[in-house]
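Here, each number is a calculation from the coordinates, and none is a lab measurement. None of the values given here were measured: they were computed from a predicted structure. Here the Cβ positions follow ideal geometry from the backbone for every residue, glycine too, while neighbour counts run over all protein chains shown.
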């Protein structure tokens, strides 16, 4: 497995179909993993400041933990959309949202976010947590380009991602990258340069915050707007 041309971000050797299958298996246990991500996910939503009447898309909904909060925030006047490639995750998300009696303001899609089934300038906000780092290096600009297409010019993007900015020699990231190379189907994501990647895709950073999970896992929270 190689690195990108800058020599700083590991490539993803598995396909999206492989990731879809592995997350299908992980869906049985993903609720436990989401508890570890709860802090940065909640803080990312706070920074995104979803409000009543907003039309919001979450990319990579998982079991619907964040989408539930988005649906509550947009209230009856708004709409929450969620897209994921894993049908098992979508079923869990729908179950959660039905239990919370929020499905009347939510629409779920199974699909590839590199070519999303949404109209141009459709969303007030797009949110993705622990998802951007799953895409191979050449695909990340494609994903961000699609996000820019579906966002309103005044819209905002919220990203929570495993980050190596300023932490290239941090031991946990080195270990995680080693796991990514040895077990790519299960450690399918890897740390990326979140801020620079988003800037390069034509966004301006308006808010940024770092978050450490259990003093081990460095996450970067970014709010950006189309340039």
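In table form, for the structure just shown:
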| item | result |
| --- | --- |
| Difference of contour (0.36 nm per residue) and Cα-Cα distance, residue 51 to residue 109 | 18.6 nm |
| Cβ-Cβ FRET estimate between residue 200 and residue 91, R0 fixed at 41 Å, reported to 0.05 | 0.70 |
| Beta bridge orientation in the chain: antiparallel %, DSSP, nearest 5 | 45 |
| Full-extension gain in nm, residue 167 to residue 99, via 0.36 nm per residue minus C-alpha separation | 20.4 nm |
| Two-site FRET efficiency, residue 154 against residue 208, from Cβ-Cβ distance with R₀ of 22 Å, rounded to 0.05 | 0.65 |
| Hydrodynamic radius (Kirkwood) for the chain, which is based on Cα pairs only, to one decimal in Å | 17.5 |
| Relative contact order (%) - the stretch 16-226, alpha-carbon pairs under 8 angstrom, separation at least six | 20 |
| Taking 50, 55 and counting other C-beta atoms within 10 Å, the order from fewest to most | 55, 50 |
| Efficiency of FRET between residue 119 and residue 182 - r from beta-carbon atoms, R0 41 angstrom, step 0.05 | 0.45 |
| Stokes-Einstein translational diffusion, the stretch 80-174 - Kirkwood Rh over all Cα pairs, 1.306 mPa s, 10 °C, in µm²/s | 105 |
